[in-house]
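The values are calculated or read from the model by the stated rules, or taken from the named source; none is laboratory data. Note that this is a predicted model, so its numbers are computed, not measured. Cβ: placed from backbone, ideal geometry, glycine included. Neighbour counts: every protein chain shown.
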Amino acid sequence: MPATHEVTNQVPPLVGHDVAADPALVEALRREGAEWAEPELRALGALAGSEQAQEWGRLAHAYPPVLRTHDRYGHRIDEVEFHQSWHELMAVAVSSGIHAAPWRDDRAGAHVARAAKMYVWSQVEPGHTCPISMTYAAVPALRHTPELAAVLEPLLAAPEYDFGLREPTSKRGLIAGMSMTEKQGGSDVRANTTRAVPAADGSYLITGHKWFTSAPMSDVFLTLAQAPGGLSCFLIPRILPDGTRNRFFLQRLKDKLGNRSNASAEVEYSDAVAVLIGEEGRGVRTIIEMVNMTRLDCVLGSAAGMRHGLVQAAHHARHRRAFGTTLIDAPLMANVLADLAVEAEAATTVAMRLAGATDRAARGDTAEATFRRLALAVSKYWVCKRGPAHAAEALECLGGNGYVEESGMPRLYREAPLSSIWEGSGNVAALDALRAMAKQPESVEAFFAELELSSGVDRRLDDAVANVRKELADLSAIELRARRIVEAMALVLQGSLLVRHAPPAVADAFCASRLAGDWGVAFGTLAAGTDTAAILDRVRVR
């Protein structure tokens, strides 16, 4: 058969590169005190950029998890089957310590190293990082009951991925899940109706329905239920000490927009055996430790998604020719890519600053803990909100090829809204920032102390900070103005970090466009004279 066409001007696969070769990430790793982790990060980055890892990510989505409620004989089993690629991804994440290594590593910067690894490895496939994040976040909550933490924490932090339903203390390593929200309440967990009844042996029996349960094949779950003393936090194991299955029934898996490699389930508890964590009636206070950690991962995940989309778009533009030139040499395409790069670097820089604050707070630095309280809520709102728009523009850089599943860009696009919804949607995050300022005014002082470190460096930033102070001084209709205020706070925080730590071309483009308003609504509207070449040099794949 004669050839009907010749394949030309197609972009080569982006494989065999180091995903960790990200200047903003590596500079932040060193700056935040985890330079010792760079060799491990680079090794993980090389694996993340390999053809094998990318195939794992593709297959984990092509073959999503399947719920098996009963075995062939009619016995209730409530298990979820995953493709082998899911297990490969999980094994790398756990062996790399992304799940909980900082809780067994007393080196300064351990949480920063873990954050950098999370950022790199999630670019392969973000769905499996949900149970990884839950496991990381569960440990601080468990510490409210020291005797329980003493047994489970070493297993949660162990670098062993040991899949399968077995009694927790018989396993080499554990994964933790989260089962909080109910259909009538969502983020309003105080509306939960699930009940916890004390048993004679000191345990509790939990009965109720959970609308979203993350990673239902995890070994243990943190859940909220109404005890006699009020809303309380509990630990529920899938398998009881005698080897029998707890009364924890999977009703169905959610059919989600994205995040399809990860199972999310509706769960029924029917006198499920549970252990109280902390005190009765203090469930929200207990669980807030977990929320702080998972919100950090939301910011990291959005920043990682931006970086991934940017690298894919820049790679395409460097190899694709149109209208007589390579795309990246076309001024308008260079403007779009540079704008995406500025957004991605701002997200990465603030995410790693928050990781540094988390690390220092975990080591007893109260000033950093106070700063993180407000800065994390602010950044969770804004960085996660920017993810979907960034993904859409990155996809468009590939044209029609980007709209095809084989490119991987549709998967990125579907995933992008999740971090803005998970752990509180935009309104919840914005209102939480207001709550932090009202209940902990010292967090406002800590936030502005951080901004003061860049005072006098850039007039546009100084003016924007002054405007934020003015907005905060006006308490009229403050809830209605919450998004406006929190967006402005996020932008000045990012600007402050960039003028201190980023190359001049990046910082100048950010301040001109995001703070001085010298841009349009869409990406790719940076002002004439922007040094796009210098910005894009930081996106070069190596």
Quiz item: Could we say that Val273 is in contact (Cβ under 8 Å) with a residue 24 or more places away in the chain and either assigned to a helix (DSSP H, G or I) or under 16 Å from the mean Cα position of the chain (by Cα) (or both) here?
Solution: no
Practice problem: Considering (1) under 27 Å from the mean Cα position of the chain (by Cα); (2) crowded, with 21+ Cβ neighbours inside 10 Å, say which one Ala522 fails and leave the rest. | Solution: (2)
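If the requirement is being surrounded by fewer than 18 Cβ atoms within 10 Å (Cβ to Cβ) and aliphatic (A, V, I, L, M), which of these qualifies: Leu222, Leu240?
Numbers: Leu222 fails: surrounded by fewer than 18 Cβ atoms within 10 Å (Cβ to Cβ).
None of the others qualify; the one that does is Leu240.
Per-residue answers, yes or no, for (1) acidic (Asp, Glu); (2) within 30 Å of Val541 (Cβ to Cβ):
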site	(1), (2)
His111	no, yes
Gly127	no, yes
Leu148	no, no
Ala157	no, no
Pro168	no, no
Gly177	no, no
Asp188	yes, no
Gly208	no, no
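Could you tell me whether Arg143 is surrounded by 24 or more Cβ atoms within 10 Å (Cβ to Cβ) and of a type in the set (Lys, Arg)? Before you say what the answer is, go through the steps one by one.
Details: surrounded by 24 or more Cβ atoms within 10 Å (Cβ to Cβ): no; of a type in the set (Lys, Arg): yes.
It is false that Arg143 is surrounded by 24 or more Cβ atoms within 10 Å (Cβ to Cβ) and of a type in the set (Lys, Arg).
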Quiz prompt | Conditions (1) part of a loop (DSSP other than H, G, I, E, B); (2) touching a residue at least 60 places away in the same chain (Cβ under 8 Å); number of the one not met by Ala200 | solution = (2)
Practice problem: Go through the stretch 190-213 and count every residue that is within 14 Å of Asp271 (Cα to Cα), among the hydrophobic types (A, V, I, L, M, F, W, C) and under 33 Å from the mean Cα position of the chain (by Cα). | Solution: 3
Self-check item: For Thr326: the one exception among (1) touching a Lys or Arg at 6+ places or on another chain (Cβ under 9 Å); (2) touching a residue at least 60 places away in the same chain (Cβ under 8 Å); (3) among the β-branched types (Val, Ile, Thr)
Solution: (2)
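Quick one: which of Ala37, Ala91, Ala108, Ala28 is in the same structural domain as Gly173 (by TED's automatic domain parsing) and under 24 Å from Asn262 (Cβ atoms)? Step through it out loud before you land on a result.
Values: Ala37 fails: under 24 Å from Asn262 (Cβ atoms); Ala108 fails: under 24 Å from Asn262 (Cβ atoms); Ala28 fails: under 24 Å from Asn262 (Cβ atoms).
Exactly one of Ala37, Ala91, Ala108, Ala28 is in the same structural domain as Gly173 (by TED's automatic domain parsing) and under 24 Å from Asn262 (Cβ atoms), namely Ala91.
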Quiz item: Residues in the stretch 46-95 that are surrounded by fewer than 18 Cβ atoms within 10 Å (Cβ to Cβ), touching a residue at least 12 places away in the same chain (Cβ under 8 Å) and among the hydroxyl-bearing types (Ser, Thr, Tyr): how many?
Solution: 4
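One line per residue, one yes/no per condition, for (1) touching a residue at least 40 places away in the same chain (Cβ under 8 Å); (2) not in a helix (DSSP H, G or I):
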| site | (1), (2) |
| --- | --- |
| Tyr381 | yes, no |
| Asn401 | yes, no |
| Glu406 | no, no |
| Glu423 | yes, yes |
Quiz item: Restricting the first residue to the stretch 223-252 and requiring it to be among the hydroxyl-bearing types (Ser, Thr, Tyr), which pairs with a second residue that is surrounded by fewer than 22 Cβ atoms within 10 Å (Cβ to Cβ) and outside any strand (DSSP E or B) meet a Cβ separation below 6 Å and a spacing of at least six or different chains?
Solution: Ser232/Glu280
